[in-house]
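Each remark here refers to the structure printed beneath this line.
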Amino acid sequence: MPVNDLLYRRPAKNWLDGLPLGNGRLGAMVLAGDSSVRLQLNDSTAWSGSPASEHRRGRVDADTAAAALADARTAIAENRPVDAERTLEQLQSAYSQSYLPFADVVLTVSDDGGHCGWKLQDRGLSLAEATHCFTLDGPVFLTQETFISPVDGVLVHRLQSTAPVDVTIALSTPLMELGRASRPDGVVLKLRLPADVAPGHEPNEPALRWEADGVTPLEGALCLAATHDGRHDDRHDGRHDGGASLFTGVTDLLLVIATETTFSGIGREPEGSAADCAEEVQERVEAAVEKGWDPLHRDHVAAHRDLFDRASLTFETGPQSRPEREGICTDRRLREANAHPAGILTADPELVALLFNYGRYLLICSSRPGTLPATLQGIWNEDMRPPWSSNYTLNINAEMNYWGAEAAALAECSYPLFDLAEALAERGRSTASTLYGARGWVAHHNSDAWGYSSPTAGHASWSQWPMAGPWLVRHLDEKRRFGSASPADLERLWALAVGAAEFVCDWLIDDGGTHLQTRPSTSPENCYLSSQGRAAVATSTAMDRALIRELFQVVLELAPLVGQIGHPVLDEVRAALPRIASPQVGSDGRILEWGAGDEEEDPQHRHVSHLFFAYPGNGPTQELTGALDKSLNVRGDNSTGWSLIWKICLRSRLRQGEKVADLLRLLFRPADATSGQHAGGLYNNFFAAHPPFQIDGNLGFIGALAEALVQSHADTIRLLPALPGELGSGRVRGLVARPGIAVDLVWQDGQLTEAILTPLRPEAAGERTVAVADWAGAVTLAFGQRTVLRREPQSGTPVFSTTQQENT
């Protein structure tokens with residue numbers, strides 16, 4: 001397989017050896033082994049609970065909430081933060097619900113005597129074709145391929161053999177079976193999902209409930225059908241509930257699978273029944289079987305490549321690089337590159353390109369328009385009680401999943417996050433009014449498919465953070481900044497921004513001083529040392545202030561674009577914005593996370609929330625670069641996978657290519673070779689480790705590497721601002737700079753040799769400032785043309801000539 005695909009020559013022994021497929025809705029982890037393959041299936045709509053789950057323990061009444069909030073604010077003002085945290089527990093609900101596995105399909109190959117004598121030769125994942133393929137050698141030679149079509153909405157698996165074999169197909173599920181109807185070519189399975197699944201950090205709660213008062217859980221169905229050139233017989237196999245289907249004398253088998261649930265939309269009650277779902281999946285499967293492998297695969301590849309081929313990245317190897325990489329297994333490449341005396345980036349720089357392309361692949365597979373957003377694990381999960389419920393964590397992780405969507409020309413993939421934000425705005429209005437007596441809408445650090453917006457039970461350091469709205473609005477505004485927002489998108493964004501701003505205006509406290517304050521205020525999920533001990537709540541943390549400033553700026557910039565220059569919220573925002581304090585520098589030269597004199601409980605905490613202003617915000621200003629640098633130095637490099645990503649983005653904004661390289665070396669460690677609760681790395685299948693696995697490290701890497709190659713946040717298109725020296729030669733195609741300019745780059749020995757800038761819309765044309773190293777100049781871009789910048793062959797300060805070419 002190509003060097004930028006995933007390749008292995010040993011069986012997948014566990015889930016993190018498996019390779020992922022998905023169409024945004026249906027997901028599968030393919031675990032190919034000797035003589036068998038397990039297809040572990042997920043459906044992105046398969047969640048425990050319902051919209052009623054959030055308040056099934058009862059609702060907090062407005063009077064109780066108002067009294068608790070007033071008492072907590074008094075306690076914080078009197079330097080009694082721990083007392084305030086105990087009081088704020090009255091505002092908490094229970095927990096968000098869990099994203100769940102759906103079913104397992106296992107195919108086993110044997111000879112006519114029932115013997116399984118095959119050995120895996122190789123297995124791999126083509127990123128460009130979103131297709132898994134593996135071969136088995138034994139009595140006869142077998143090839144098996146799998147893909148999940150975004151066009152036809154089905155998983156398709158094909159087995160081909162050089163001579164007849166027997167194939168057993170077994171179907172099982174961890175969910176409640178409501179009925180199983182076998183038929184000659186397959187089976188239809190009807191299911192019910194749990195009414196409640198508690199997260200692992202709630203040890204006093206039952207792990208799973210099938211029934212809960214007031215909760216109508218989801219139902220669903222799966223249809224599996226097989227066509228083949230052999231014979232069919234049913235037999236009972238005690239290894240699998242419900243038995244297994246046996247097909248004998250097979251040389252060619254086509255398996256098609258579809259899933260469906262009664263999920264009707266984020267925050268909405270389920271609609272329909274398992275029987276309705278069964279009818280839907282049977283029709284979908286029958287249509288796909290009739291279509292056949294070749295048309296199914298052709299249409300699938302075309303739809304996938306329409307997104308995947310928009311960008312590409314390669315790095316050239318140098319004289320110290322490992323000479324042999326083609327055909328080398330991916331896990332072996334990772335280990336040998338880490339063991340290389342020159343370091344992984346020098347030994348195998350194409351591993352960096354592989355992770356970038358893999359991230360784009362995973363985003364395409366886990367988040368498409370009309371599906372749910374990618375969870376903490378994308379759409380891949382095998383656990384009925386997954387880590388952190390595999391939910392939407394809004395204080396960094398859900399947004400990080402989409403940091404690279406705009407920059408890598410995958411703007412469509414962020415629409416599911418837009419849908420989640422709108423559901424939160426709808427459900428969060430009641431939460432804002434009841435808990436805080438505020439207008440607008442509010443959401444906190446955790447959510448789920450039901451639009452959970454309340455504070456979760458637990459410590460205030462994560463629970464008492466009502467700022468998800470400002471962050472989501474600021475993130476979604478990147479669609480406007482990158483030029484991918486339609487007029488309808490701007491209207492949607494305006495509605496979200498107004499509601500978030502109304503909440504913030506009511507949340508702010510005017511205590512007669514120069515600045516408006518937020519109280520209680522936290523810096524997710526960190527704590528400081530107070531006179532009462534470990535504490536999280538304070539007044540006006542750095543993150544709160546940065547989020548509010550960014551939100552208010554979004555509101556002011558959006559208003560004229562949607563014809564809302566007379567909206568009453570604008571006067572409130574204009575009055576409040578100058579009174580929101582900018583980032584403050586402490587006596588030790590670092591950015592203050594809380595107030596002056598507050599000491600972190602953990603100076604190397606994985607969250608760097610107080611540095612939001614620098615990334616994903618619009619900063620840093622020149623005056624704050626030194627404080628940002630020192631803050632990162634004290635925080636340290638080593639951390640979880642997603643924390644490494646955030647630090648790469650921040651170091652890129654500081655234009656510190658060698659620090660980016662240091663962080664990349666940590667990210668590219670084999671996960672099983674790291675130690676510690678918060679030590680990231682990569683598993684064998686290149687999933688990023690928290691640990692455990694969290695996909696934000698993979699998806700966030702798209703944006704992080706793009707930030708090292710192209711920056712456009714400060715009215716300047718800056719090329720190769722933070723390129724690590726070990727990645728000194730390469731090329732990238734299809735990145736996007738604000739306000740909608742395609743960027744292609746070629747560089748050699750750390751120096752840019754050619755750049756092609758192409759406006760993607762008329763509004764992006766005109767004069768733009770472009771900077772490379774110490775050179776900066778005004779470049780005029782014309783819509784419909786490519787502007788080519790080439791480095792003049794001379795020493796000293798680089799000089800670039802520009803030419804115009806017709807856009808082809």
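The values are calculated or read from the model by the stated rules, or taken from the named source; none is laboratory data. Worth saying up front: this structure is predicted, and the values here are computed from it rather than measured. No Cβ is skipped: glycine too gets one built from the backbone with ideal geometry, and neighbour counts run over all protein chains shown. All accessible areas refer to the heavy atoms of the entire protein, side chains included, with ligands and DNA or RNA removed. Shrake-Rupley method; radii C 1.70, N 1.55, O 1.52, S 1.80 Å.
Within segment 592-618, being open to solvent by 10 Å² or more (accessible area, probe 1.4 Å), of a type outside the set (S, T, N, Q) and without any contact (Cβ under 8 Å) to a residue 60 or more places away in the chain holds for Leu592, Gly595, Ala596, Gly597, Pro603.
Here's the yes/no breakdown for (1) surrounded by 21 or more Cβ atoms within 10 Å (Cβ to Cβ); (2) part of a helix (DSSP H, G or I):
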site	(1), (2)
Thr251	no, no
Ile257	yes, no
Gly265	no, no
Arg268	no, no
Ala275	no, yes
Arg284	no, yes
Ala288	yes, yes
Arg298	no, yes
His304	yes, yes
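Mind listing whichever residues of segment 643-696 are closer than 26 Å to Ser366 by Cα and among the hydroxyl-bearing types (Ser, Thr, Tyr)? Correct list: Ser643, Tyr683.
This table checks each residue for (1) closer than 24 Å to Ser366 by Cβ; (2) open to solvent by less than 10 Å² (accessible area, probe 1.4 Å); (3) among the hydrophobic types (A, V, I, L, M, F, W, C).
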{"residue": "Glu412", "(1), (2), (3)": "yes, no, no"}
{"residue": "Tyr415", "(1), (2), (3)": "yes, no, no"}
{"residue": "Ala432", "(1), (2), (3)": "no, yes, yes"}
{"residue": "Gly458", "(1), (2), (3)": "no, no, no"}
{"residue": "Ser484", "(1), (2), (3)": "yes, no, no"}
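Checking segment 217-238 against the condition returns no match, with no residue being among the β-branched types (Val, Ile, Thr), open to solvent by 10 Å² or more (accessible area, probe 1.4 Å), modelled with pLDDT of 95 or more and under 34 Å from the mean Cα position of the chain (by Cα).
Would you call Ala212 in contact with a Pro (Cβ under 9 Å, 6 or more places away or on another chain), small (Gly, Ala, Ser), on the phi < 0 side of the Ramachandran plot and assigned to a strand (DSSP E or B)? In short, no. For Phe503, state whether it is open to solvent by less than 10 Å² (accessible area, probe 1.4 Å), assigned to a helix (DSSP H, G or I), closer than 21 Å to Ala575 by Cβ and not acidic (Asp, Glu). The answer is yes for Phe503.
State yes or no: is Gly343 more than 26 Å from Trp47 (Cβ to Cβ) and open to solvent by less than 30 Å² (accessible area, probe 1.4 Å)? It is true that Gly343 is more than 26 Å from Trp47 (Cβ to Cβ) and open to solvent by less than 30 Å² (accessible area, probe 1.4 Å). Scanning segment 116-150 for residues that are in contact (Cβ under 8 Å) with a residue 40 or more places away in the chain, touching a Leu at 6+ places or on another chain (Cβ under 8 Å) and either within 15 Å of Ala302 (Cβ to Cβ) or open to solvent by 20 Å² or more (accessible area, probe 1.4 Å) (or both) yields Lys119, Gln121, Asp122, Ala130, Thr131, Phe147, Ile148, Ser149.
Is it the case that segment 506-514 has a residue that's closer than 17 Å to Leu410 by Cβ, open to solvent by less than 40 Å² (accessible area, probe 1.4 Å), in a loop (DSSP other than H, G, I, E, B) and free of Cβ contacts under 8 Å to residues at least 40 places away in the same chain? Taking every residue of segment 506-514 in turn, none turns out to be closer than 17 Å to Leu410 by Cβ, open to solvent by less than 40 Å² (accessible area, probe 1.4 Å), in a loop (DSSP other than H, G, I, E, B) and free of Cβ contacts under 8 Å to residues at least 40 places away in the same chain. Residues in segment 547-560 that are within 29 Å of the chain's Cα centre (by Cα) and open to solvent by 10 Å² or more (accessible area, probe 1.4 Å): Arg549, Glu550, Gln553, Leu556, Glu557.
Among the candidates Ala432, Ala425, Ala409, Ala421, the residue that is out of contact with any Leu (no Cβ under 6 Å at 6 or more places or on another chain) and not in a loop (DSSP other than H, G, I, E, B) is uniquely Ala432.
Given the criterion among the small types (Gly, Ala, Ser), open to solvent by 10 Å² or more (accessible area, probe 1.4 Å) and on the phi < 0 side of the Ramachandran plot, identify the matching residue among Ser93, Ser50, Ser98. None of the others qualify; the one that does is Ser93. Arg606 falls short on exactly one of the conditions (1) in a helix (DSSP H, G or I); (2) closer than 22 Å to Leu705 by Cβ; (3) under 26 Å from the mean Cα position of the chain (by Cα), and that condition is (1). Residues that are part of a helix (DSSP H, G or I) and either open to solvent by 10 Å² or more (accessible area, probe 1.4 Å) or among the hydroxyl-bearing types (Ser, Thr, Tyr) (or both) are absent from segment 441-450. For Arg733, the stated conditions hold: it is touching a strand residue (DSSP E or B) at 6+ places or on another chain (Cβ under 8 Å), in contact (Cβ under 8 Å) with a residue 60 or more places away in the chain and among the basic types (Lys, Arg). Where in segment 132-201 are there strands (runs of 3 or more DSSP E), lying fully within it, with 1 or more residues that are under 27 Å from the mean Cα position of the chain (by Cα) and under 22 Å from Ser35 (Cα atoms)? Filter on segment 132-201 gives 142-148, 155-172. In this structure, Leu781 qualifies as over 27 Å from Leu345 (Cα atoms), aliphatic (A, V, I, L, M) and in contact with a Ser or Thr (Cβ under 8 Å, 6 or more places away or on another chain). Taken over segment 391-438, the residue count meeting the criterion of being out of contact with any Phe, Trp or Tyr (no Cβ under 9 Å at 6 or more places or on another chain), over 15 Å from Phe701 (Cα atoms) and of a type in the set (Phe, Trp, Tyr) is 2.
Does at least one position in segment 192-206 carry a residue that is of a type outside the set (A, V, I, L, M, F, W, C), surrounded by 16 or more Cβ atoms within 10 Å (Cβ to Cβ) and within 23 Å of Glu279 (Cβ to Cβ)?
From segment 192-206, those of a type outside the set (A, V, I, L, M, F, W, C) are 192, 194, 196, 199-206; that's our starting set.
Retained after the next criterion (residues that are surrounded by 16 or more Cβ atoms within 10 Å (Cβ to Cβ)): 192, 194, 196, 199, 202, 205.
Subset that is within 23 Å of Glu279 (Cβ to Cβ): 192.
Yes, because at least one residue in segment 192-206 is of a type outside the set (A, V, I, L, M, F, W, C), surrounded by 16 or more Cβ atoms within 10 Å (Cβ to Cβ) and within 23 Å of Glu279 (Cβ to Cβ).
Restricting segment 744-790 to residues that are in a strand (DSSP E or B) and of a type in the set (Phe, Trp, Tyr), which is nearest to Arg481 (Cα to Cα)? Across segment 744-790, the extreme among qualifying residues is Trp775.
List the residue pairs whose Cβ atoms are under 6 Å apart, where the first residue sits in segment 701-717 and is over 23 Å from Ile396 (Cβ atoms), the second is open to solvent by 10 Å² or more (accessible area, probe 1.4 Å), and the two are 6 or more positions apart or on different chains. So the pair list comes out as Thr716/Thr769; Ile717/Arg768.
Inside segment 402-422, can you point out the residues that are in contact with a Gly (Cβ under 7 Å, 6 or more places away or on another chain) and not aliphatic (A, V, I, L, M)?
Across segment 402-422, the qualifying residues are Trp403, Gly404.
The sole residue among Asp104, Asp43, Asp112 that is open to solvent by less than 10 Å² (accessible area, probe 1.4 Å), acidic (Asp, Glu) and in contact (Cβ under 8 Å) with a residue 24 or more places away in the chain is Asp43. Has segment 712-722 got any residue that is within 17 Å of Glu658 (Cα to Cα) and open to solvent by less than 10 Å² (accessible area, probe 1.4 Å)? Within segment 712-722 (the criterion being within 17 Å of Glu658 (Cα to Cα) and open to solvent by less than 10 Å² (accessible area, probe 1.4 Å)), the answer is yes, since at least one residue qualifies.
Could you look through segment 723-735, keep only residues that are open to solvent by 20 Å² or more (accessible area, probe 1.4 Å) and not in a helix (DSSP H, G or I), and pick out the one that is nearest to Gln656 (Cα to Cα)? Working first, answer last.
First, the residues of segment 723-735 that are open to solvent by 20 Å² or more (accessible area, probe 1.4 Å): 723, 725-726, 731, 733.
Next, from what is left, pick out any that are not in a helix (DSSP H, G or I): 723, 731, 733.
Values: Leu723: 8, Arg731: 20, Arg733: 23 Å.
So, considering only residues that are open to solvent by 20 Å² or more (accessible area, probe 1.4 Å) and not in a helix (DSSP H, G or I), the one nearest to Gln656 (Cα to Cα) is Leu723.
Taking the condition modelled with pLDDT of 95 or more, in contact with a helix residue (DSSP H, G or I) (Cβ under 6 Å, 6 or more places away or on another chain) and part of a helix (DSSP H, G or I), does Ala65 pass? The answer is yes for Ala65.
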